[in-house]
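Trainee: Take this structure first; my questions come after.
The values are calculated or read from the model by the stated rules, or taken from the named source; none is laboratory data. Everything numeric here is computed off the predicted structure, so don't read it as measured data. FYI the Cβ positions are ideal-geometry reconstructions off the backbone, even for glycines, and counts take in every protein chain you see.
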Amino acid sequence: MVYNRKTQLVKTAESKGCRIASGRDMLVGQGVKSFEHWFGIRPDTDVMRKAIE
């Protein structure tokens with residue numbers, strides 16, 4: 001999983017038409033599920049994305 005940059009492997013896979021999922025998107029998604037579980041409300045994903053930039 002890659003959070004910050006595209007590795008050569010990711011670039012090659014992308015150039016061959018593979019669907020790429022950002023590690024950051026996965027991190028935010030996991031955080032959303034955890035937050036919902038513990039607090040019972042859905043967090044603002046924009047705030048979460050800005051927090052990891």
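Trainee: Pairs please, first residue from the stretch 38-52 and more than 14 Å from Asp25 (Cβ to Cβ) and without any contact (Cβ under 8 Å) to a residue 60 or more places away in the chain, second anywhere and part of a helix (DSSP H, G or I) and aliphatic (A, V, I, L, M), Cβ atoms under 7 Å, 6+ apart in sequence or on different chains.
Mentor: So the pair list comes out as Arg42/Val32; Pro43/Val32.
Trainee: When both residues are 6+ apart or on different chains and their Cβ atoms are under 9 Å apart, which pairs have a first residue that lies in the stretch 3-19 and is on the phi < 0 side of the Ramachandran plot and in contact (Cβ under 8 Å) with a residue 60 or more places away in the chain, and a second that is of a type in the set (Phe, Trp, Tyr) and assigned to a helix (DSSP H, G or I)?
Mentor: none
Trainee: Another one. So which of Ser34, Ser22 ends up being hydroxyl-bearing (Ser, Thr, Tyr) and modelled with pLDDT under 95?
Mentor: When all the criteria are applied, what remains is Ser22.
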